[in-house]
1. Please enumerate the residues belonging to region 32-47 that are out of contact with any Cys (no Cβ under 8 Å at 6 or more places or on another chain) and of a type outside the set (Lys, Arg).
2. When region 35-44 is examined, which residues are found to be loosely packed, with under 13 Cβ neighbours inside 10 Å and of a type in the set (Ser, Thr, Tyr)?
3. Tell me, which residue of region 45-72 that is modelled with pLDDT under 85 and outside any strand (DSSP E or B) is surrounded by the most Cβ atoms within 10 Å (Cβ to Cβ)?
4. Residues in region 29-39: is at least one farther than 11 Å from ARG86 by Cα and over 14 Å from the mean Cα position of the chain (by Cα)?
5. Sort out which residues of region 15-32 are outside any strand (DSSP E or B) and not small (Gly, Ala, Ser), and write them in order of number.
6. Just need a number here: residues in region 33-44 that are farther than 15 Å from GLU19 by Cβ and in a strand (DSSP E or B).
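The values are calculated or read from the model by the stated rules, or taken from the named source; none is laboratory data. Everything quoted here is computed from the prediction, not taken from an experiment. Glycine gets a Cβ as well: all are built from the backbone with ideal geometry, and neighbour counts include every protein chain shown.
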Amino acid sequence: MVDAVRQRPISIFHPYMVEVYVAVDGSEACLSLTSSKTYCAQNGSVREVKLELEFKRYEVYENKIREVYRPKGLLAFTAAAREYVRML
């Protein structure tokens, strides 16, 4: 994923603007650098996507609370829609 990010010109960003999301089933990890640039890695390949997520719920995992997000819009109704957990 780092190699894919290095290949594209990106300006300097604030460290609090970078967000990492992981699919609940562990099949995909996404690195959101800005509102328009998100890179998702799955099965060893990386692709640039427009990932628009909305908060759905809090859940307890290993005695900690985590936030669960789902894609918003029409993508949320497709069979491929996944739930993502924001890594803090």
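1. SER32, LEU33, THR34, SER35, SER36, GLN42, ASN43, GLY44, SER45
2. SER35, SER36
3. LEU51
4. Scanning region 29-39 turns up no residue that is farther than 11 Å from ARG86 by Cα and over 14 Å from the mean Cα position of the chain (by Cα).
5. Those that are outside any strand (DSSP E or B) and not small (Gly, Ala, Ser): PRO15, TYR16, MET17, VAL18, VAL24, ASP25, GLU28.
6. Number of matching residues: 1.
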